[in-house]
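A quick write-up on the structure given underneath.
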Amino acid sequence: MATERTLSIIKPDATKRNLTGKIVAKFEDAGLRVIASKRIHLTAAQAGEFYAEHKERGFYGELVAYMASEPVVVQVLEGEGAIAKNREVMGATDPAQADAGTIRKEFALSKAENSVHGSDSPASAAREIAFFFSGLELVG
Ligand code: CMP
């Protein structure tokens, strides 16, 4: 399997509860390397642009307000099959459906406040990484 890069966001519900280190440990334990990381507070406009593909969904307004409510930690993770591996470590979107040992099973509060985001395809990963980082900030 090829080495890939994927975008991860540690979301407001997790940063607020001081869970950043515990979540990063889950990625590292799974063999993913953090090759870029920063803590930022998104504006509603930035969160809305990042999640533009969900604009027509009923939860879009709630999602944008939530993502701009507290700081987030955006990271680029690198490793063999990193996109799928990150999604495996995160678990299902809804924590009630997530497997034991996954980040969302252990930490997420609800389908909306689900602690982490991860890119869902190579195309999304490329767009989402470029949304937050310049090439100079990726240090593998
Ligand atoms: P994420 O993987 O970041 O992708 C889109 C986000 O929308 C998702 O995680 C959830 O935080 C949120 N989301 C998805 N479905 C719902 C829903 N039914 N109600 C509220 N938020 C949702």
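Considering only region 99-111, state which residues are within 17 Å of residue 11 (Cβ to Cβ) and surrounded by fewer than 16 Cβ atoms within 10 Å (Cβ to Cβ). 109, 110, 111, listed by residue number.
Quick check on region 12-23. Is at least one of its residues on the phi > 0 side of the Ramachandran plot and either aliphatic (A, V, I, L, M) or free of Cβ contacts under 8 Å to residues at least 60 places away in the same chain (or both)? There is at least one residue in region 12-23 that is on the phi > 0 side of the Ramachandran plot and either aliphatic (A, V, I, L, M) or free of Cβ contacts under 8 Å to residues at least 60 places away in the same chain (or both).
If you go through region 125-140 and pick out every residue that is farther than 15 Å from residue 34 by Cβ and surrounded by fewer than 16 Cβ atoms within 10 Å (Cβ to Cβ), you end up with 7. Reported count of residues in region 91-126, each being within 24 Å of residue 41 (Cβ to Cβ) and not in a helix (DSSP H, G or I), is 13. I'd like to know if region 87-98 contains one or more residues that are of a type in the set (Asp, Glu), open to solvent by 30 Å² or more (accessible area, probe 1.4 Å) and at negative phi. Within region 87-98 (the criterion being of a type in the set (Asp, Glu), open to solvent by 30 Å² or more (accessible area, probe 1.4 Å) and at negative phi), the answer is yes, since at least one residue qualifies. Figure legend. Inter-residue proximity from region 105-118: first residues farther than 13 Å from residue 72 by Cα, second residues assigned to a helix (DSSP H, G or I) and within 7 Å of the ligand (Cβ to nearest atom), beta-carbon distance below 9 Å, spacing 6+ or different chains. Indicated pairs: 112/62; 112/63. Scanning region 61-78 for residues that are of a type outside the set (D, E, K, R), open to solvent by 10 Å² or more (accessible area, probe 1.4 Å) and assigned to a helix (DSSP H, G or I) yields 61, 63, 64, 65, 66. Scanning region 46-60 for residues that are part of a loop (DSSP other than H, G, I, E, B) and either in contact (Cβ under 8 Å) with a residue 60 or more places away in the chain or touching a helix residue (DSSP H, G or I) at 6+ places or on another chain (Cβ under 7 Å) (or both) gives a single hit, 51. Given the condition without any contact (Cβ under 8 Å) to a residue 40 or more places away in the chain and either within 23 Å of residue 2 (Cα to Cα) or touching a helix residue (DSSP H, G or I) at 6+ places or on another chain (Cβ under 8 Å) (or both), answer yes or no: does some residue in region 74-85 qualify? Yes; the residues of region 74-85 include at least one that is without any contact (Cβ under 8 Å) to a residue 40 or more places away in the chain and either within 23 Å of residue 2 (Cα to Cα) or touching a helix residue (DSSP H, G or I) at 6+ places or on another chain (Cβ under 8 Å) (or both).
Does region 79-90 include one or more residues that are at pLDDT 95 or above, within 13 Å of the ligand (Cβ to nearest atom), in a helix (DSSP H, G or I) and small (Gly, Ala, Ser)? No; the residues of region 79-90 include none that is at pLDDT 95 or above, within 13 Å of the ligand (Cβ to nearest atom), in a helix (DSSP H, G or I) and small (Gly, Ala, Ser). Scanning region 119-140 for residues that are more than 15 Å from residue 73 (Cα to Cα) and within 11 Å of the ligand (Cβ to nearest atom) yields 120, 124. If you go through region 127-140 and keep only what is in a loop (DSSP other than H, G, I, E, B) and free of Cβ contacts under 8 Å to residues at least 24 places away in the same chain, you end up with just 134.
The values are calculated or read from the model by the stated rules, or taken from the named source; none is laboratory data. Not measured: the values here are computed from a predicted model. With ideal geometry, Cβ positions are generated from the backbone for all residues, glycine too; neighbour counts draw on all protein chains shown. Surface areas here come from the heavy atoms of the whole protein model, side chains and all, with no ligands, DNA or RNA. Shrake-Rupley method; radii C 1.70, N 1.55, O 1.52, S 1.80 Å.
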